[in-house]
Amino acid sequence: MTMTRVVTLAAVALGAGVFVSSVATAAPPACSNKSCSEEIAAGCAGLSGKARNMCRKSVIAQCNTGTCTCTGEPGLPDCTPTTTTPSTTTPSTTTSTTTSTTTTTWPQGTTTGITIQSGGLTRTYNVRIPPGYDGTVAVPLVLDLHGSGSSAQLQEAVSGFRTLADANGFIVAYPNGEFQQWNAGICCDPAASAGVDDVAFARDVVADIASKANIDPLRVYATGLSNGGGMAHRLACDAADVFAAAAPVAFPLALDPLTACQPVRPISVLHFAGLTDQIIPYDGGVATSPVTGQMFVVPSAQTSFAYWAATNACSDGPPNMIEDLGNGASCDTYTPCAAGVAVGLCSIHGTALNGHFLYANSDGVNVAQRAWDFMSAFMMVP
């Protein structure tokens, strides 16, 4: 397959050779007129102990992005929008025991616990159906992958894609990793050491949703945080026949050697990397999982960026579009590359979880919005 560009306000302007990326003012998911405690109750329902505490901190960090304020712990005051009025759609949650052999119509909102068989394992995912969806029009699908030790539920609460899906009318799937990890290559155990086939699982999730909802097979995208970001890279490498573009967050390409990444066609990739990330170092080197203690070596963000640029036959030399965000932060893009794709790297300063949680950053970047603007500018054509 080759690529074509969807002409939107956030699309690549081919004639000018400039990637016009909308600097989003949309609020992150925790930004609403509800109190922080209400947001935490909605986003972290069903979690307990350490997992709930992580979720609680993530929701608060997501709120403290400059678009909203949620300060004064432990009083949990209101999350107050400071710029725009966010969607006040109240997420709904339904528990499902749907299997791939059952035809069903999911209600609008979030359905959890969808079960399929993949690679000899029973796997689960959640799905978010946007308001107004009735199945009459094919819509895009985004797979949003959680980090190591996290879950589909927590990723939905913190990534920002729930709000975007509701506002833009696309479907989001939140798969659950086996052992709460993804086999992204060099990370993360025990999924990696056990050889869990998460590429096949991602394909199976897409196929299962396609059997139950009207998705556009030419507009399927992958994103994720940390280990989930590494998995999004891997899907771009190994499932480019399914995914039109990828936007990994806080993890570089995690295959060793990098040349093991051989996508079947050029594919657009926008990587978000933390300049001060103490978990996955921006300049590469030894990383240690705070969840499992596993130690592994990661390439630098720039090395990962350069490999994707070379793989997609982008122009030699520096990126042809450099967006200076100040204080050393930037979003750099090669465009156009082979078959009209683009390759980007946003280097930003995370402000939570040791600089690793990039959805909260000091550079004014709405990661989810920018990722969606980038990915949705591309679609596959036969």
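The values are calculated or read from the model by the stated rules, or taken from the named source; none is laboratory data. The shown structure was predicted, so the numbers you read here are calculated from the model rather than taken from an experiment. Heads up, the Cβs are rebuilt from the backbone with ideal geometry, glycines too, and the neighbour counts pull from every protein chain shown. Please note that ligands, DNA and RNA were not included when accessible areas were found on the heavy atoms of the full protein model with its side chains. Shrake-Rupley method; radii C 1.70, N 1.55, O 1.52, S 1.80 Å.
List of remarks:
- Criterion (more than 30 Å from Pro217 (Cβ to Cβ) and of a type outside the set (D, E, K, R)) met by exactly one of Ala306, Ala338, Ala310: Ala306
- Every residue from the stretch 222-239 that is closer than 19 Å to Leu353 by Cα and open to solvent by 10 Å² or more (accessible area, probe 1.4 Å): Leu225, Ser226
- Among residues of the stretch 367-380 being of a type outside the set (Phe, Trp, Tyr), modelled with pLDDT of 95 or more and over 14 Å from the mean Cα position of the chain (by Cα), the one that is least open to solvent (accessible area, probe 1.4 Å) is Ala377.
- Residue match in the stretch 340-352 (condition: out of contact with any strand residue (DSSP E or B) (no Cβ under 7 Å at 6 or more places or on another chain), surrounded by fewer than 24 Cβ atoms within 10 Å (Cβ to Cβ), modelled with pLDDT of 95 or more and not in a helix (DSSP H, G or I)): yes
- Conditions (1) over 25 Å from His356 (Cα atoms); (2) modelled with pLDDT of 95 or more; (3) in contact with a helix residue (DSSP H, G or I) (Cβ under 7 Å, 6 or more places away or on another chain); (4) surrounded by 16 or more Cβ atoms within 10 Å (Cβ to Cβ): number failed by Val139: (3)
- For the stretch 240-269, a tally of residues being touching a Cys at 6+ places or on another chain (Cβ under 7 Å) and open to solvent by less than 10 Å² (accessible area, probe 1.4 Å) returns 3.
- Residue check for Ala301: in contact with a Gly (Cβ under 8 Å, 6 or more places away or on another chain), open to solvent by less than 30 Å² (accessible area, probe 1.4 Å) and either touching a residue at least 40 places away in the same chain (Cβ under 8 Å) or of a type in the set (A, V, I, L, M, F, W, C) (or both): yes
- Where Gly364 falls short, out of the listed (1) assigned to a loop (DSSP other than H, G, I, E, B); (2) open to solvent by less than 20 Å² (accessible area, probe 1.4 Å): (2)
- Residue pairs meeting the criteria (Cβ under 6 Å; at least 6 apart or on separate chains; first within 16 Å of Gly135 (Cα to Cα), in the stretch 194-223; second modelled with pLDDT under 95 and open to solvent by 60 Å² or more (accessible area, probe 1.4 Å)): Asp208/Ser100
- Any hit, the stretch 88-110, residues being within 20 Å of Phe201 (Cβ to Cβ) and at pLDDT 95 or above: yes
- Checking each residue in the stretch 208-242 for being among the basic types (Lys, Arg) and within 26 Å of Pro107 (Cβ to Cβ) picks out Lys212, Arg219.
- Leu143 being out of contact with any Asp or Glu (no Cβ under 9 Å at 6 or more places or on another chain) and farther than 30 Å from Thr259 by Cβ: no
- The one condition in (1) touching a residue at least 24 places away in the same chain (Cβ under 8 Å); (2) assigned to a helix (DSSP H, G or I) that Phe179 fails to fulfil: (1)
- Of all residues making up the stretch 134-176, the number that are within 23 Å of Ala207 (Cα to Cα) and either in a helix (DSSP H, G or I) or free of Cβ contacts under 8 Å to residues at least 24 places away in the same chain (or both): 11
- Check on Thr276, surrounded by fewer than 24 Cβ atoms within 10 Å (Cβ to Cβ), among the β-branched types (Val, Ile, Thr) and either within 23 Å of Met321 (Cβ to Cβ) or without any contact (Cβ under 8 Å) to a residue 24 or more places away in the chain (or both): no
- Restricting the stretch 181-221 to residues that are among the small types (Gly, Ala, Ser) and farther than 30 Å from Ser289 by Cβ, the residue that is farthest from the chain's Cα centre (by Cα) is Ser211.
- Any hit, the stretch 191-211, residues being under 22 Å from Val298 (Cα atoms), of a type outside the set (Asp, Glu), part of a loop (DSSP other than H, G, I, E, B) and open to solvent by less than 10 Å² (accessible area, probe 1.4 Å): yes
- Single condition Ala184 does not satisfy, out of (1) among the hydrophobic types (A, V, I, L, M, F, W, C); (2) touching a residue at least 60 places away in the same chain (Cβ under 8 Å); (3) open to solvent by 40 Å² or more (accessible area, probe 1.4 Å): (3)
- Residue within the stretch 305-312 that is among the small types (Gly, Ala, Ser), at positive phi and surrounded by 15 or more Cβ atoms within 10 Å (Cβ to Cβ) present: no
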